[in-house]
1. For residue 35, what residues show an amide H to amide H distance below 5 Å, using hydrogens built from the backbone and excluding near sequence neighbours?
2. Report the rotationally averaged projected area of the stretch 26-126 based on its alpha-carbon convex hull, in square nanometres.
3. Considering only DSSP beta bridges whose two residues both sit in the stretch 26-126, what percent are antiparallel, to the nearest 5?
4. Once amide H atoms are built 1.01 Å from N in the peptide plane, which residues 5 or more positions from residue 112, or in another chain, come under 5 Å H to H?
5. Please tell me the relative contact order of the stretch 26-126 in percent, rounded to the nearest whole number, where contacts are Cα pairs under 8 Å and at least six residues apart.
Amino acid sequence: MWVEQDPAGTYAAMLAFYPKFEFDASASDDNEWIFMVDRSSSMKGEPLEDMKRTLLATLDKLPTQGLNINVIGFGSTFERLFVDSQSTSDPRTLATARNYIEQISANYGGTELWYPLPPLPLKKENY
């Protein structure tokens, strides 16, 4: 857990955790995973390379049935890899995602996570 207080006394906190959940690959592409990738300037160097290695390793472990994925890079702006999430049952999806991740750089300025969130299909019952 990380906590920070600014000079005005306002707090910000971040919590990282590794959830355990059951994945139902028989759900016929009803599952969607969106990988949010920080491409801000603060990620330059080893942080970006660590993120790339981790995300590439994650892609290698994804099921090839019952899952749609997308990658969104964010900073002062944001970019979606796919307009709509794509199924991992199509080998081109994972190949495209791998290529995108290998090519990204920390060139998106500041860290503005809020910008890519409103267009995402977040379901209120899920949070």
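1. 70, 71, 72
2. The Cα convex hull of the stretch 26-126, projected and averaged over all directions, gives 6.6 nm².
3. Percent antiparallel among DSSP bridges in the stretch 26-126 is about 40.
4. 75, 76
5. Details: 160 pairs, mean separation 36.5, N = 101.
In percent, rounded to a whole number, it is 36.
Every number in this text was worked out from the coordinates using simple rules, so none of it is lab data. Given the structure is predicted, the values throughout are model-derived calculations rather than measurements.
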